[in-house]
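Undergrad: Take this structure, written in structure tokens, and hold onto it; I'll ask about it next.
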Amino acid sequence: MSWFVVPSHSRARTRAPASSTCEPPPTLGAVRAAGVNDSGHVRSFAARRGRVSPLTRERIAEYFPRHEIPSGPLTPMQAFGREAPAVLEIGCGHGAAALAYAEEHPDHDLLAVDVFTPALARMLAAADRRGVTNLWLHQGDAVALLRDRVAPSTFAAVHLFFPDPWPKAKHAKRRFVSAYTLDLVASRLVPGGHLLIATDHALYAAHARDVLAAHPRFVVTEGERPPWRPTDGFEAKGLAAGRAITEFRATLVD
């Protein structure tokens, strides 16, 4: 994933206005009280700066105001305009999986998070062409979003498809799957919710398997590929290169 700065613009909203009684975002103390040690937060994506093309700027101006969640604490009714199961996809890239899930589950709301501006703009343009109205976006660090703006028991599922494997030993601490992020995800899932992980990198699969097995709040099954997810992007490249795709489903238990 890469970092591009979004130009400032007016963001008119068509969703429900913020309530004056909205609860404040979880404090660091509340996060730690929920069993999350904040000292484990590291940035799991690589930063890269570059130009934003005129087409991307046009898409930002047209689609971001309709799909970007409001600032402040995430309240589903305010952000999505209804009460429905909410799903978070971390590192959505160009959004093939996010779009497919949203189309397959119109009664759910899918919040796609990434830092790569052109990819988000392209995803929303595709959503508009395909008539997808239950796809939302947040541009930024998913860990910071979960930690600072999401209340406990908010998401029915969290998706993490083909994260950066950070294969060098000196970079291993930057892998998204860690005891810290699993604590955070567990605290934000509803009871019985699940985390889906897919990777085409054998080292990352072994790492995820070990970290998931060590976590006391997840029951893990392996090898179940979501039927709605298209073979696209990193998955297609991995298969073309002869790499195996490893799938994890971690279900939250009491």
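Bear in mind these aren't lab numbers, they're just calculated from the coordinates by the rules spelled out. Every value quoted in this text rests on a predicted model; they were computed, and no experiment measured them. Backbone-built Cβ (ideal geometry, glycine too); neighbour counts: all protein chains shown.
Undergrad: Output wanted: per-residue J couplings in Hz (rounded whole) for the stretch 186-201, from phi through Karplus 6.51 cos²θ - 1.76 cosθ + 1.60, θ = phi - 60°, x for Gly and Pro.
TA: Calculated HN-Hα couplings, in order: 4, 6, 9, 7, 6, x, x, x, 9, 10, 9, 10, 9, 8, 10, 10 Hz.
Undergrad: Would you calculate the separation in nanometres between label points at HIS108 and GLU224, each defined as 7 Å from the Cα along the Cα-to-beta-carbon direction?
TA: 1.2 nm
Undergrad: Next question, about the same structure. At 7 Å along the Cα-to-beta-carbon direction for both ARG243 and GLU83, put a label point, then send me their distance in nm to one decimal.
TA: 4.3 nm
Undergrad: Okay, next question. Which whole-Hz ³J(HN,Hα) couplings does the stretch 66-71 yield from phi under the Karplus relation 6.51 cos²θ - 1.76 cosθ + 1.60, θ = phi - 60°, glycine and proline marked x?
TA: So the J values, rounded to whole Hz, are 7, 10, 6, 6, x, 6.
Undergrad: While we're looking at this one, here's another question. Between the stretch 88-106 and the stretch 120-168, how many Å separate their Cα centres?
TA: If we compute the Cα centre of each part, the gap is 8 Å.
Undergrad: How high is the relative contact order of the stretch 54-252, in percent, with contacts defined as C-alpha pairs under 8 Å that are six or more residues apart?
TA: 21 percent
Undergrad: Residue separation times 0.36 nm, minus the C-alpha to C-alpha distance between ALA236 and SER53: what's the value?
TA: Full-extension gain reported as 63.2 nm.
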